[in-house]
């Protein structure tokens, strides 16, 4: 179970910046098809592929924001988003505040 999650999250992390991270591609890498992989993820990890993508994005974005070095668009692209607005909406849903608010809090902490 942990191997599947670690391998999948590692693969997602490596493919986010290129935008080539979909279930079909991951299934091909694991030598199965997406109709086999999705139920396996749900059964073994109790989550969907999209949940894993969100988890990886959440883990990756915090250090990028806290560094204060990268513009919002660069962070969005690194996480596989076409626009900083899409990233901002994800962040708001996930963390309950905007990325800018989070960055301000990180700087003052």
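A few points about this structure:
- Between the stretch 1-27 and the stretch 43-82, the C-alpha centres lie 12 angstrom from each other.
- Ratio of the Cα radius of gyration of the stretch 1-65 to 2.2 N^0.38 Å, where N counts its residues: 1.08
- Two-site label geometry, residue 44 and residue 69: point separation in nm, points 7 Å out along Cα→Cβ: 3.5
- Working note: Cα gyration tensor of the chain, eigenvalues times five, square-rooted, sorted largest first, giving semi-axes of 29, 14, 11 Å.
- For the stretch 40-82, the residues whose backbone nitrogen is under 12 Å from a point 7 Å from the Cα of residue 4, taken along Cα to Cβ, are 40-49.
- A crude spin-label estimate for the pair residue 58 and residue 28, with each label 7 Å from Cα along the Cβ direction, gives 3.0 nm.
Taken together, the values in this text are just the output of simple stated rules run on the coordinates, not laboratory data. Keep in mind the model is a prediction, meaning the values are calculated, not measured. Neighbour counts are summed over all protein chains in view; Cβ atoms, including those assigned to glycine, are modelled from backbone coordinates with ideal geometry.
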